[in-house]
1. Ala135 label point, 7 Å along Cα→Cβ, cut-off 11 Å on backbone N: hits in segment 7-32?
2. Exceeding 28 Å between C-alpha atoms, which entries from my cross-link table qualify? They are Lys78/Lys132; Lys44/Lys88; Lys88/Lys139; Lys44/Lys78; Lys8/Lys125; Lys8/Lys132.
3. Please list, by residue number, every one of the trypsin sites (Lys or Arg not before Pro) in segment 1-83 that is coil in DSSP and has at most 11 other beta-carbon atoms within 10 Å.
4. Once you have a ≥ b ≥ c as the square roots of the Cα gyration tensor eigenvalues for segment 4-140, tell me rounded if a/c is under 1.5, and otherwise prolate or oblate according to whether a/b is larger than b/c.
5. Only helical DSSP H runs with n ≥ 4 go in: add -39500 (n - 2.57) per run for the chain, normalise by residue count and round the 222 nm mean residue ellipticity to 500 deg cm²/dmol.
Amino acid sequence: MIGRALEKPIYASLCRSVVALDPSIRFAGIANEDGILVGVSQRKGLKPLLSFEERAQYAITAATRQYTRLRWEVLLGKILYASSHYAKLIRATIPITDDNRRLSYVLLMSFDSNTDNFHEIVIEKVIPLVKKKRASLLKASD
């Protein structure tokens, strides 16, 4: 399950808001810097491809990969998001960092596999929402 001691209303609210942004978004989860899921939401009526335990494992590996990517930001510029395209879905992760570029959260999302405009959804809908909620998220992590 979600780390109950870490669960705060802002996490579930953000995940619900992300899922509501576009009908192609299957799932949204937020993991802390340790990769522990602190909030999740999924599209109504969806049959998940991964169990909760598998999602938790994915969150840990996604947080680890984000640490690696952040290391290259000095040379390559700020990372907006990363994506993986699977036969059954598209996954995207967005790092949420503090003002010192330290990882605070990772937003995990999955999209239907036939979503041709997932890049636009992430850039034009999800990232602006994350930017709007960033200060509140960082405050919640204190």
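1. Hits in segment 7-32 for Ala135 at 11 Å: none.
2. Lys88/Lys139; Lys44/Lys78
3. Lys44, Lys78
4. Because its axes are fairly even, with a/c under 1.5, segment 4-140 counts as rounded.
5. After summing the helix terms and dividing by residue count, I get -11500 deg cm²/dmol.
Values in this text are rule-based calculations from the coordinates and carry no lab data. Given the structure is predicted, the values throughout are model-derived calculations rather than measurements. Quick reminder, even Gly has a Cβ in these numbers, built from the backbone with ideal geometry, and neighbours come from all protein chains shown.
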